């Protein structure tokens, strides 16, 4: 028997409830004290096409999905056709016995146990609704794994009881009880993977990356969000809209991305913490306005949720294709910061930190995510996201708020100038509206008072450019963080990565060390600005290093070479729109090491 270590996949057509079933199952397992990692794959259409949801379960924290599964739950016949090869020997597939195209003997020939059940019949006869077949299928999985049905039942009551009334919830529970018992009676003795609750386990919450980003924004005191919906950023905007009334946030669905970023720049100029969220195509439209924020030194935050391009690309797939674009986006030279969190916890803390960096250095900050990180779920401890810690660390830089009358009066007496030249390049900032602290803000090159430099003098231009760009050096020395190692302290190979690659690379490193190859990971959260001399020292201390990322051109590898002169000995790329996984990384690393 294998206890509390299983990989489960649900599959079906869009519209069959694959996502809601997978999420509900994951929550139920997490309530039993187990760790889960969930990832979904869905088509960019409302109905039809093949979708799946995968839930990995363990007694230890998980950071990635895996390629092989032990249990497949098929809502349609195509799921079996597409995923049978992923099931390990001794694994099983649960499906409705009315499926006519399923060949039980072909399934058995692969060493997999077919588990046909009257799921649709139970849904119709016990629940009175064929849509409850999903409930029956999940309950059947609980039956074959000897998992206590009370945990899924609690999720059913929470989900259906709140939205559709207690009668619907109770009918689903009756369906679950019958299906669970039928599956347990027929097949539990054949299936070796079991789930047992962890006694006295700490409470955990299940979050995805976009929810964590939203919570980070709330903790940081964000009060304005304007965006045009674009996958995979849409659910972040929806999360903020859902919290708007409770937390006093203004949310605006703009007519396009240009309007959205300009509204956020206006809000930030007025002294409000604001962010916009979009994907690659929408960010392309924001680029001119990004340059405006650079010129006016406005502290706006942008969440760039990547998906594969070019053009519309693959709207519901994942990739890391926009790094170099974001680092260079916008005409002219101006400072910006780029952060690339890789875990749920990092999404929370780095989003909050982005507002601090934006206001302290009065510059735009771009926070990266992608479809994999945005929509994958993990169970984390309830105290993993510390709102009080974020609140204590809020740093609004050289901002004087309207109610701080004495500070404003003193600034005016000192001859307040919005773009004053100084040593660190960061000027005093007073939101507009005070009758004594009057200044102008323009996209044209300007004087320290903010007025347009109509004479376009070379001296003023030089000083303004130097003032703005000086912030990068100051930020790199004082606030930006070097990449961090994970794994063997005396590694023979270092896997260098950024953003959402953290989880798959971390688990690949664990497996490599377990198998006897000394390996570690060097993960970048802060991409720009950085102290590149120190980064070069770190990389030169590695015996051998390989850059792993989800793109074709090796964008992090190129960025490292641009700033350090160091060429990565090798790169591992994945660009099919599907997320990295530990098996893929290990297989390709073996190929790399064989060449080297």
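Below, the figures for the structure above:
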quantity: Criterion: buried (at least 21 other Cβ atoms within 10 Å of the Cβ), in contact with a helix residue (DSSP H, G or I) (Cβ under 6 Å, 6 or more places away or on another chain) and in contact (Cβ under 8 Å) with a residue 12 or more places away in the chain - qualifying residue of 188, 217; calculated: 217
quantity: Residues satisfying the stated conditions in region 501-531, i.e. under 14 Å from residue 491 (Cα atoms) and part of a strand (DSSP E or B); calculated: 519, 520, 521, 522
quantity: Of all residues in region 385-397 being over 20 Å from the mean Cα position of the chain (by Cα) and part of a helix (DSSP H, G or I), the one that is farthest from residue 318 (Cα to Cα); calculated: 392
quantity: From the options 16, 40, residue that is in contact (Cβ under 8 Å) with a residue 40 or more places away in the chain and assigned to a loop (DSSP other than H, G, I, E, B); calculated: 16
quantity: Of all residues making up region 252-264, the number that are in contact with a strand residue (DSSP E or B) (Cβ under 8 Å, 6 or more places away or on another chain) and either in a helix (DSSP H, G or I) or farther than 20 Å from residue 364 by Cβ (or both); calculated: 7
quantity: Some residue of region 399-416 being closer than 17 Å to residue 297 by Cα, over 36 Å from the mean Cα position of the chain (by Cα) and without any contact (Cβ under 8 Å) to a residue 60 or more places away in the chain; calculated: yes
quantity: Candidate set from region 462-480 (those that are exposed (fewer than 13 other Cβ atoms within 10 Å of the Cβ) and under 39 Å from the mean Cα position of the chain (by Cα)); member that is nearest to residue 421 (Cα to Cα); calculated: 466
quantity: Condition check for residue 580: in contact (Cβ under 8 Å) with a residue 60 or more places away in the chain and either buried (at least 19 other Cβ atoms within 10 Å of the Cβ) or closer than 26 Å to residue 371 by Cα (or both); calculated: yes
quantity: Qualifying residue in region 192-210 (condition: more than 21 Å from residue 347 (Cα to Cα), under 25 Å from the mean Cα position of the chain (by Cα) and modelled with pLDDT under 95); calculated: yes
quantity: Selection from region 447-461 of residues that are without any contact (Cβ under 8 Å) to a residue 24 or more places away in the chain and either closer than 14 Å to residue 420 by Cβ or in a loop (DSSP other than H, G, I, E, B) (or both); calculated: 451, 453, 454, 455, 456, 457, 460
quantity: Verdict on residue 120 being in a helix (DSSP H, G or I), within 38 Å of the chain's Cα centre (by Cα) and at pLDDT below 95; calculated: no
quantity: Criterion: in a loop (DSSP other than H, G, I, E, B) and closer than 29 Å to residue 535 by Cβ - qualifying residue of 489, 444; calculated: 489
quantity: Residues located in region 62-106, provided they are within 29 Å of the chain's Cα centre (by Cα), part of a loop (DSSP other than H, G, I, E, B) and buried (at least 16 other Cβ atoms within 10 Å of the Cβ); calculated: 62, 63, 64, 65, 66, 75
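The values are calculated or read from the model by the stated rules, or taken from the named source; none is laboratory data. No experiment lies behind these values; they were computed from the predicted model shown. Virtual Cβ from ideal backbone geometry, glycine too; neighbours counted across all protein chains shown.
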